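The values are calculated or read from the model by the stated rules, or taken from the named source; none is laboratory data. These numbers come from a predicted model, not from an experiment. Cβ sites come from the backbone with ideal geometry, for glycine too, and all protein chains shown count toward neighbours.
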Amino acid sequence: MLYRLHNAGYEAYLVGGAVRDLLLGHRPKDFDIATDAKPEEVKQLFRNCRLIGRRFRLAHVFFGREIIEVATFRGGEPTESSDHQSDEGMILRDNVYGTLEEDALRRDFTVNALYYNIADFSIVDYWGGIADLEKGLLRLLGDPETRYREDPVRMLRAARFAAKLDFEIEEETAKPIYELGGLLDGVPDARLFDEILKLLMAGQAHVSFRILQKYKLLSHLFPQTAAAIEGEFAERTAQMLNQGLLNTDHRIAKEMPVTPAFLFAVMLWEPVRAQAEINRDDKGMPAILAIQRAASKVLSSQAQVIPIHKRYAIMMNEIWSLQPRFLNRRGKRPNRLFANQRFRAAYDFLLLRAQCGEIEQEVAQWWTDYQVDHPDAHKHQPNTRTRRQRRRPRNSRGKTRNP
Ligand code: ATP
Ligand code: MG
């Protein structure tokens with residue numbers, strides 16, 4: 001793509017994370033290209049190209065499942081670089097094209113502002129990005145506080161890159177973060193949630209989480225978790241979190257499937273557990289109902305800050321609600337629990353609880369042994385979808401389908 005742009009007479013650079021990662025010997029996650037060709041001109045060069053974005057037009061070029069993003073150099077004041085934000089006043093002036101140098105000014109960290117020039121195979125480095133790369137430093141361009149105010153997500157990006165690259169956040173870049181966490185409240189939920197997923201699902205969840213804690217960002221993202229870590233059961237809460245985060249990183253390293261729902265379930269467990277205890281002891285609710293009520297309270301409180309996507313919330317509820325059932329090991333109950341489609345996740349969750357001493361180790365061991373003794377049990381269970389169940393009409397209980 002770089003050659004095609006170059007041969008058509010345009011400037012063409014590989015930029016951003018791909019250059020950074022290649023120089024560090026890592027495999028880039030995605031590739032971004034910067035060029036002086038206008039989006040319409042890019043479209044003429046690549047058949048498999050789509051233009052996206054209304055405020056700032058970008059070209060996406062598709063290669064199977066890969067998307068290469070081609071952006072025309074951006075200009076204008078760097079303070080307008082909060083491109084994802086909904087500051088209406090900025091809309092008109094946002095779509096300003098610029099020069100390579102202006103484009104470089106709008107990037108976040110020096111190590112993200114390196115351009116690989118296909119014309120002469122050189123690296124363009126206006127900001128000392130190479131030197132910072134060698135020192136392992138994340139340094140924001142410009143005045144850090146101003147840059148965080150323009151776009152508070154840069155604080156999370158700092159945490160993410162520090163964890164992923166094993167870099168230090170340079171002192172001036174780090175200092176304002178302690179104070180500015182509150183700015184995250186103004187970031188649209190969807191963007192924040194995306195960024196949190198990137199932070200937790202990139203294989204460095206454990207370190208990332210530490211960094212969030214260190215810079216006092218956690219309380220702005222997961223206030224109930226932050227409180228639990230300092231609450232009555234601080235030690236075991238921290239232990240469960242650590243272990244849960246490490247397990248996720250470990251699974252990602254081994255390319256095993258992971259779901260953020262499990263991590264979120266771990267992060268919000270102590271608040272749910274504590275509330276469920278109140279529901280049970282003070283209000284006399286049965287164990288499972290107590291958990292379900294607690295879960296909905298904790299999730300709606302979390303939603304005030306960052307709502308967790310519905311499909312994850314459903315799975316979290318399932319993992320939590322199955323926990324009391326592990327204690328009930330009489331008769332056919334274990335078989336039925338084993339057949340539940342969330343058994344595996346709920347069992348992994350149970351192991352964490354046992355590891356941090358919240359429940360008896362014996363319970364976890366019993367379930368571990370149970371699975372060894374019943375390798376096929378789940379295949380014969382009534383809970384798995386059988387033909388008979390699927391054919392049973394929905395209005396079998398006398399309800400009409402379209403009342
Ligand atoms: P990775 O893709 O590995 O997560 P990346 O550095 O490529 O890391 P992207 O989100 O893909 O991150 O962004 C590509 C480039 O766009 C960045 O390297 C940076 O130069 C610029 N950029 C992205 N987000 C911002 C931002 N919030 N503020 C300023 N520049 C940004
Ligand atoms: Mg990238």
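The helices (runs of 4 or more DSSP H) found wholly in segment 172-214 and carrying at least 1 residues that are under 21 Å from Asn247 (Cα atoms) occupy 189-200, 205-214. When the residues of segment 8-23 are filtered to those that are in a loop (DSSP other than H, G, I, E, B) and either within 11 Å of ligand 1 (Cβ to nearest atom) or buried (at least 16 other Cβ atoms within 10 Å of the Cβ) (or both), the one that is farthest from the chain's Cα centre (by Cα) is Tyr10.
Among residues of segment 123-142 that are farther than 20 Å from Thr99 by Cα, none has a beta-carbon under 9 Å from a residue that is among the basic types (Lys, Arg) and at pLDDT below 95 at least six positions away or on a different chain. Arg27 - would you say it is surrounded by fewer than 14 Cβ atoms within 10 Å (Cβ to Cβ) and under 32 Å from the mean Cα position of the chain (by Cα)? Yes. Listed by position, the helices (runs of 4 or more DSSP H) enclosed by segment 69-136 that each have at least 1 residues that are in contact with an Asp or Glu (Cβ under 9 Å, 6 or more places away or on another chain) and at pLDDT 95 or above are 100-105, 129-135.
Filter segment 321-335 for residues that are surrounded by fewer than 17 Cβ atoms within 10 Å (Cβ to Cβ) and assigned to a helix (DSSP H, G or I) and give the result. Show your work before the answer.
As a first pass, look at segment 321-335 and keep what is surrounded by fewer than 17 Cβ atoms within 10 Å (Cβ to Cβ): 324, 327-333, 335.
If the condition is that a residue be surrounded by fewer than 17 Cβ atoms within 10 Å (Cβ to Cβ) and assigned to a helix (DSSP H, G or I), then Pro324, Leu327, Arg333, Asn335 are the ones that fit.
Go through segment 98-108 and give me each residue that's free of Cβ contacts under 8 Å to residues at least 60 places away in the same chain and under 31 Å from the mean Cα position of the chain (by Cα). Within segment 98-108, Glu102, Ala104, Leu105, Arg106, Asp108 qualify.
Working only within segment 234-258, note down all residues that are closer than 18 Å to Arg273 by Cα and among the hydroxyl-bearing types (Ser, Thr, Tyr).
Kept after step one, since they are closer than 18 Å to Arg273 by Cα, are these residues of segment 234-258: 234-244.
Listed by number, the list holds a single entry, Thr237.
Here's the yes/no breakdown for (1) of a type in the set (Gly, Ala, Ser); (2) outside the structural domain of Leu141 (by TED's automatic domain parsing); (3) more than 16 Å from ligand 2 (Cβ to nearest atom):
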site: Met1; (1), (2), (3): no, yes, no
site: Gly9; (1), (2), (3): yes, yes, yes
site: Gly17; (1), (2), (3): yes, yes, no
site: Asp21; (1), (2), (3): no, yes, no
site: Lys29; (1), (2), (3): no, yes, no
site: Ile33; (1), (2), (3): no, yes, no
site: Ala37; (1), (2), (3): yes, yes, yes
site: Arg50; (1), (2), (3): no, yes, yes
site: Arg54; (1), (2), (3): no, yes, yes
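Restricting attention to segment 260-302, the residues being over 16 Å from Leu352 (Cβ atoms) and touching a Gly at 6+ places or on another chain (Cβ under 6 Å) number 0.
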